Amino acid sequence: MNLLSHLNGVQKDAVEYTDGPSMIIAGAGSGKTRVLTYKIAHLIEKGVDPFQIMALTFTNKAAREMKERIEHLVRGTEARNVWMGTFHSIFARILRIEAEKIGFPQNFTIYDTDDSKSIIKKILNEQQLDDKLYKPSQVLGRISGAKNNLISHFDYNNNPEILQADRDSGKSKLGMIYTIYQERLRKSSAMDFDDLLFNTNLLLRDFPEVLIKYQRRFKYFLVDEYQDTNYSQYLIVKRLAAMNENLTVVGDDAQSIYAFRGANIQNILNMHKDYPQLKTFKLEQNYRSTQNIVAVANSVIAKNKKQIEKTIWTENHDGEKIRLHSTLTENEEGSLVARSIFEIKNTKAVAYTDFAVLYRTNAQSRSIEEALRRINIPYRIYGGQSFYSRKEIKDLLSYFRVVINPNDEEALLRIINLPKRGIGQTSIDKLRVEANRLNISLWDLIEGLESNPILPRATALKIVEFATMIKSFRIDLKTKSAFDMAEHITRHSGFYTSLYQARDEDEGVMRFENMEELLSGIKEFSESDTGEEGENKLHSLEEFMQDIALHTDADQQDKNEANQVTLMTIHAAKGLEFSYVFIVGLEENLFPSLLSLNSRADIEEERRLFYVAITRGKEQVFMSYAESRYKWGNLQYSEPSRFISELDPKYIEDHTADKILSSDTKKPSKNDLFGAGFQKTFEKKPEPNKLSKKEETPTENVPSNLKKIETSGQGAATVNHDQSDSIQVGMEVYHDRFGIGKVLTLDGKGADRKATVFFTNAGTKILILRFAKLRILKQ
DNA sequence: CTGTCCTCACTTTTT
DNA sequence: GTGAGGACAG
């Protein structure tokens, strides 16, 4: 196959430039993945052994998709031998091979963020530090930041500037926490995410023979999303590629959205310093989006000061303008989106998979979700609570973790009394203190408990029993298949029975099913024959578990890849594209996030995030904001995002005034998808509570332009002497206790009629009008 | 030791 | 509204 014929000029040049360092600056939608996959395919066609190619991606999903695409391009099954994966998974693999050199067992456990946080909490507790001052997530962030810049806990505690900074912020104990944290990890034979990269750097720095081994082994390196790499990742690549410098990095500074976790845009800006003979290719033609989308995206990103100069353009058609809408509440925003999807789907004959709803924070998914469910639109939420982070799954995985690595204290503590076996908190605390005192792992202590009676006989006996059970599981670890092993553990630990019996509880059935799903996933894994050499290789539980912590929800192969609308954060949407994209929650303090308002750099990152969101769209982009939204359980008033005013109005169709018109004059026209939505949402309960579910009338399910126009006049015709009946959204009212306020929403009927009112002095209150005796100040 | 009830803090974004 | 963690009774 002539690979190169599918590429444009620059793409072709970039693909053909195989020997030597190169950087591809790839604008959104410019065929970045295409170039990467074709380049790898091209290398293989040229005769490069796939085993000598290392391709690093940002997500597992990207790796998998790229692999599939290469397999389509290259004959045979060769392509699967490319070392392709995330930084974390590839180097975890290498670390397992070399673990002993840096003092870890080959079966070390990878701790996820929950595990890490849990350790931090324990340390804070033991050290009697206030967890309000030392917020676990912030402490972890600080440690993570240090590691990503290759500052060990030793370096940290010897760096006067860092220590001073910590003292200045009143958190002088951070260095100590870092040290203890690392000790705990080591005692548990565990590494956190950052350690995987940190320790890889140690390995390559301190063991020249290892460095040379991998430098010889890999001849070609390709790095995707290079703008999102941190210093630690940068240095790994630099070291490995140092021998022959066949390094290709692909990225777009305009899409750098992970600075918050240490990504360093300088990595891309400074490439030419490390590699003077660097060849740079700029992919500037966008093949994905319409003229309007590209233009509006360009107008947004132009507001950023710091960027590599480039001009993204497209030959695609103009397309529709970007539609901008506002609603009164987040629930109305949800309805608006749901209705629009419904109508576009029907008028344009497209699939649900062509739609995506993108938001800044996971918490925003709820209102969208409810609205979609209400009119029976199938959807899938990515991110948020992942399968692997559900309690029952974490519990069962903890069993497997302990069996594989009994030193894994986090896992051990999770299961030592699960199901209940009479080992309570008091005993566990005593054991932990004792283990710390002896400086041994918790497992080492309980394994030899008979000879160290620090607990009442009865309790000690129960613990010995538990330890014996774990030991018995360990016997078959190397000989049994992953599934046989997993099933054996699940049944003989009492875990299966306890979940089975709990099926009549609220979430019981789901838990049980989740457990079964995990087991069937393991079964699938056991029976797979993806081994590089020969099919009859036994797939062990150890193998299954080794990078499970690195899997996220988005990586799960979409089995029931039905026709579904996609809901995800903008971060999660990076690299994806959809015909119709809804960007919701464009409100100040939400997007841009409140926490980003401190510095220009942070705002610029938010803006890049906005840019990423817009450029996901192929055909049309919709934006919306809600004037009020629930935060921390109560209603908050919000203002439109500053980003909205940065959009070039030439490409915008502004509907933010619609709702005012819709209540009296405006009639929905045929293609006014949103207008109809407003008619309806206007007098619908904005807050779906228990009642709204069952009281839904059949008309609820028919989102149509034709309905309910007659009710749109709402209050205009109502003549009633009781003032509470004439209260309208937007009015200024007076309350005896709360003072002056503005009516945000109204819902309910008759005696139940309620108003959400924002009071200047008292905040937002929901009032039952029958009792509230509001007086109208201004219409 | 276990279960239940109450309080409170919580929201960025992810490997 | 939710989930984690503390207080307290059995």
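A:Ala62 meets each of the listed conditions (1) over 26 Å from A:Asp194 (Cβ atoms); (2) open to solvent by 10 Å² or more (accessible area, probe 1.4 Å) apart from (1).
The set of residues in region A:421-432 that are away from DNA strand C (no atom under 12 Å from the Cβ), open to solvent by 40 Å² or more (accessible area, probe 1.4 Å) and not in a helix (DSSP H, G or I) contains only A:Arg421. Taking the criterion of being farther than 27 Å from A:Lys391 by Cα, open to solvent by 20 Å² or more (accessible area, probe 1.4 Å), of a type outside the set (D, E, K, R) and in contact (Cβ under 8 Å) with a residue 40 or more places away in the chain, the residues of region A:85-104 that qualify are A:Ile102, A:Gly103. Criterion first (among the charged types (D, E, K, R), under 21 Å from A:Lys61 (Cα atoms) and more than 16 Å from DNA strand C (Cβ to nearest atom)) does A:Asp194 satisfy it? Here the answer is yes, as A:Asp194 does meet what is asked.
Being open to solvent by less than 20 Å² (accessible area, probe 1.4 Å) and either touching a Cys at 6+ places or on another chain (Cβ under 6 Å) or not in a helix (DSSP H, G or I) (or both) is the filter here; which residues of region A:252-264 pass it?
Residues of region A:252-264 that are open to solvent by less than 20 Å² (accessible area, probe 1.4 Å), as a first pass: A:252-257, A:263.
A:Asp252, A:Ser256, A:Ile257, A:Ala263, listed by residue number.
Of the numbered criteria (1) within 21 Å of A:Val300 (Cβ to Cβ); (2) away from DNA strand B (no atom under 16 Å from the Cβ); (3) open to solvent by 10 Å² or more (accessible area, probe 1.4 Å), the one A:Phe622 fails is (3). Across region A:410-420, the qualifying residues are those that are under 16 Å from A:Met545 (Cα atoms) and not small (Gly, Ala, Ser), and the one among them that is nearest to DNA strand C (Cβ to nearest atom) is A:Glu410.
Just for region A:382-408: of the residues that are over 27 Å from A:Phe483 (Cβ atoms) and away from DNA strand C (no atom under 14 Å from the Cβ), which one is surrounded by the most Cβ atoms within 10 Å (Cβ to Cβ)? Walk me through how you get there before you give the answer.
Here is the first cut: in region A:382-408, the residues over 27 Å from A:Phe483 (Cβ atoms) are A:382-384.
Next cut, away from DNA strand C (no atom under 14 Å from the Cβ) only: A:382-383.
Working: A:Tyr382: 22, A:Gly383: 16.
Selected residue: A:Tyr382.
For region A:107-136, filtered to residues that are in a helix (DSSP H, G or I) and polar (S, T, N, Q), the residue that is nearest to DNA strand B (Cβ to nearest atom) is A:Thr113.
Just to be sure, is A:Asp664 modelled with pLDDT of 85 or more and away from DNA strand C (no atom under 16 Å from the Cβ)? It is false that A:Asp664 is modelled with pLDDT of 85 or more and away from DNA strand C (no atom under 16 Å from the Cβ).
Of the candidates A:Leu150, A:Leu140, the single residue that is within 16 Å of DNA strand B (Cβ to nearest atom) and assigned to a loop (DSSP other than H, G, I, E, B) is A:Leu150. Among residues of region A:118-146 that are open to solvent by 30 Å² or more (accessible area, probe 1.4 Å), those with a Cβ under 7 angstrom from a residue that is within 13 Å of DNA strand C (Cβ to nearest atom) and at pLDDT below 85, sequence gap 6+ or separate chain, pair up as A:Lys121/A:Asp131. Output the residue which, of all residues in region A:224-251 that are polar (S, T, N, Q) and assigned to a helix (DSSP H, G or I), is nearest to A:Arg608 (Cα to Cα). Filtering first and then ranking leaves A:Gln227.
Of the residues making up region A:126-150, those that are more than 16 Å from A:Leu185 (Cβ to Cβ) and over 23 Å from the mean Cα position of the chain (by Cα) are A:Gln127, A:Gln128, A:Leu129, A:Asp130, A:Asp131, A:Lys132, A:Leu133, A:Tyr134, A:Leu150.
The values are calculated or read from the model by the stated rules, or taken from the named source; none is laboratory data. Keep in mind that what you see is a predicted model, and the values were worked out from it rather than measured. As a convention, Cβ positions derive from the backbone with ideal geometry for all residues, glycine included, and neighbour counts pool all protein chains shown. When the accessible area is computed, the model is the full protein with side chains, heavy atoms only, and any ligands, DNA or RNA have been set aside. Shrake-Rupley method; radii C 1.70, N 1.55, O 1.52, S 1.80 Å.
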